[in-house]
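Written out below as structure tokens is the structure these notes cover.
The values are calculated or read from the model by the stated rules, or taken from the named source; none is laboratory data. All figures in this text were calculated on a predicted structure; none of them were measured in a lab. We place every Cβ from the backbone using ideal geometry, glycine too, and count neighbours over all the protein chains shown.
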Amino acid sequence: MKILIVRMYQDVLNISNYNSQEIGLAKALIRKGHQCDIVLYTDKKEISIQKMNMENGKAITIYWMPARKILKNCIYDKRLYELVKKYDVIQSTEYDQVGNLKLQKVTDNHMAIYHGPYQSYYPKIYNRKCLIIDFLYSFFPQFKNVQLIAKSNLAEKFLNKKGFKKVESIGVGLDAARFETVHEPNDIVRKLISEKHKKNYKYLLYIGKIEDRRNIFFMIDILSKLSLEDKNIRLVLIGKGEKYLKKCLHYARSLNVDENIIYHDPMKQEELANLYRCCDVFFFPSKYEIFGMVLLEAMYFGLPVITTMNGGSITLIKDQETGIICDLNDVNSWCESIMNLFKDQKLRDKISVNSSKLIKENYTWDALSDKFVKVYESILKNC
């Protein structure tokens with residue numbers, strides 16, 4: 001089968017540092033004997049083509065294509081619609097990308113849309129955008145017949161409520177091969193390991209953007225309360241967001257816990273394995289998360305996760321078995337759960353073993369790719 005994955009986001013993807021869902025799925029599909037290529041957005045004026053070679057002698061062709069941006073929509077030009085004719089099935093992203101209307105027509109509905117967002121109070125701009133998009137789609141009733149693949153149960157419910165007739169919830173996978181090569185620990189990891197042994201530090205790890213959506217101020221509130229009980233707890237922040245970070249550190253100083261925070265710029269994907277292994281708890285009180293690739297990564301390495309109810313956690317976590325889910329912004333509940341993890345070795349070990357087993361057996365791209373293929377086969381059979 002010849003499959004083309006079209007990423008409809010208006011950001012230039014750094015495929016060397018980011019665990020790209022498109023690339024992870026494409027690699028798994030190629031290992032299963034299919035051809036799979038990818039279209040990614042570029043801010044350049046011309047198309048460029050990149051070959052990503054695989055270990056089996058095959059390659060993913062990545063088409064870097066320019067596009068217009070309208071209302072957070074990525075509008076590719078006619079070159080995309082010529083390209084898609086060479087493939088059996090097209091997989092696009094997000095129901096709210098209006099370019100999918102044209103794709104449905106050009107492909108004669110030989111397409112699936114891989115969708116993640118869901119209804120929540122937090123993404124207010126997205127909620128307003130959906131009102132506009134839904135009004136537009138009311139003039140194209142045939143669009144409700146398109147096949148959708150949901151990243152989570154929350155996304156599936158969101159799409160069903162909008163009247164889409166074909167929705168399959170599959171989830172998100174991890175490209176575990178990116179972690180298989182053993183690397184020497186970098187400077188920050190060596191420092192963490194050293195201070196853990198010398199000073200008996202305990203590490204709460206956060207990886208991601210330093211921004212309001214990720215609830216960093218709330219993390220600092222929790223750190224402040226935890227430090228009253230255990231002065232050796234440290235918050236490790238890995239990510240970008242320099243302006244917001246300054247506000248966070250200023251707030252931490254006001255609570256006298258700024259020295260309990262260890263910050264580092266984003267790290268290469270291959271370097272993260274050592275970081276996950278040397279920390280004690282993955283700390284993720286996000287206000288809204290489509291899925292959260294870092295949840296998959298932390299659980300893969302057996303790092304106990306404590307998080308909020310979000311797209312990824314509702315799919316992956318059984319509370320107290322494969323992780324811990326806490327109410328958003330309940331400081332006392334979070335502190336109690338974190339201290340229980342630090343004190344209860346049996347609980348940590350149980351969550352570590354169960355979560356790692358879950359991801360390795362069910363949520364790698366190799367494990368999920370067969371489910372995607374079944375959806376593609378159904379599309380070809382019914383169109």
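General remarks:
- Residue ranges of strands (runs of 3 or more DSSP E) in segment 17-89 with at least 3 members modelled with pLDDT of 90 or more and over 28 Å from Tyr126 (Cα atoms): 35-41, 48-53, 59-65
- The residues of segment 192-203 that are in contact (Cβ under 8 Å) with a residue 40 or more places away in the chain and either out of contact with any helix residue (DSSP H, G or I) (no Cβ under 7 Å at 6 or more places or on another chain) or part of a helix (DSSP H, G or I) (or both), listed by number, are Leu192, Ile193, Lys196.
- Selection of segment 150-163 for residues being surrounded by 15 or more Cβ atoms within 10 Å (Cβ to Cβ) and not in a helix (DSSP H, G or I) yields Ala150, Lys151, Ser152, Lys162.
- Extreme residue, surrounded by the most Cβ atoms within 10 Å (Cβ to Cβ), among residues of segment 106-148 that are over 20 Å from Ile70 (Cα atoms) and without any contact (Cβ under 8 Å) to a residue 24 or more places away in the chain: Thr107
- Some residue of segment 64-78 being out of contact with any Ser or Thr (no Cβ under 8 Å at 6 or more places or on another chain), surrounded by 14 or more Cβ atoms within 10 Å (Cβ to Cβ) and of a type in the set (Val, Ile, Thr): yes
- Segment 183-218, residues that are more than 20 Å from the chain's Cα centre (by Cα) and hydrophobic (A, V, I, L, M, F, W, C): Ile188, Val189, Leu192, Ile193, Phe217, Phe218
Condition check ((1) outside any loop (DSSP other than H, G, I, E, B); (2) closer than 30 Å to Lys2 by Cβ) across all residues:
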{"residue": "Asn109", "(1), (2)": "no, yes"}
{"residue": "Tyr114", "(1), (2)": "yes, yes"}
{"residue": "Gln119", "(1), (2)": "no, no"}
{"residue": "Phe143", "(1), (2)": "yes, yes"}
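- Criterion violated by Met54 - all others in (1) more than 30 Å from Ile314 (Cβ to Cβ); (2) free of Cβ contacts under 8 Å to residues at least 24 places away in the same chain; (3) among the aliphatic types (A, V, I, L, M) satisfied: (2)
- For Asp327, the conditions (1) of a type in the set (D, E, K, R); (2) in a loop (DSSP other than H, G, I, E, B); (3) surrounded by 18 or more Cβ atoms within 10 Å (Cβ to Cβ) are fulfilled apart from (3).
- Residues within segment 224-280 that are surrounded by fewer than 18 Cβ atoms within 10 Å (Cβ to Cβ), in a loop (DSSP other than H, G, I, E, B) and of a type in the set (Asp, Glu), tallied: 2
- Some residue of segment 164-186 being closer than 30 Å to Gln269 by Cβ, touching a Ser or Thr at 6+ places or on another chain (Cβ under 6 Å) and not in a loop (DSSP other than H, G, I, E, B): yes
- Considering residues of segment 2-16 that are of a type in the set (Val, Ile, Thr) and in a loop (DSSP other than H, G, I, E, B) only, the residue farthest from the chain's Cα centre (by Cα): Val12
- Failed criterion for Ser333 (all others in (1) without any contact (Cβ under 8 Å) to a residue 24 or more places away in the chain; (2) crowded, with 18+ Cβ neighbours inside 10 Å hold): (2)
- Test for Cys279: is it in the same structural domain as Ser224 (by TED's automatic domain parsing) and in contact with a Lys or Arg (Cβ under 6 Å, 6 or more places away or on another chain): no
- Close contacts from segment 272-298, counting a first residue that is without any contact (Cβ under 8 Å) to a residue 60 or more places away in the chain and a second that is aliphatic (A, V, I, L, M) and part of a strand (DSSP E or B), with Cβ to Cβ under 7 Å and a gap of 6+ residues or different chains, come to Leu295/Val305.
- Flag for Lys27 being basic (Lys, Arg) and crowded, with 22+ Cβ neighbours inside 10 Å: yes
- In the set (1) of a type in the set (D, E, K, R); (2) farther than 29 Å from Lys124 by Cβ; (3) in a helix (DSSP H, G or I); (4) not assigned by TED's automatic domain parsing to the domain that holds Tyr122, the condition left unmet by Glu321 is number (3).
- Among the residues of segment 292-324, the ones that are touching a helix residue (DSSP H, G or I) at 6+ places or on another chain (Cβ under 7 Å), buried (at least 22 other Cβ atoms within 10 Å of the Cβ) and not β-branched (Val, Ile, Thr) come to 13 in all.
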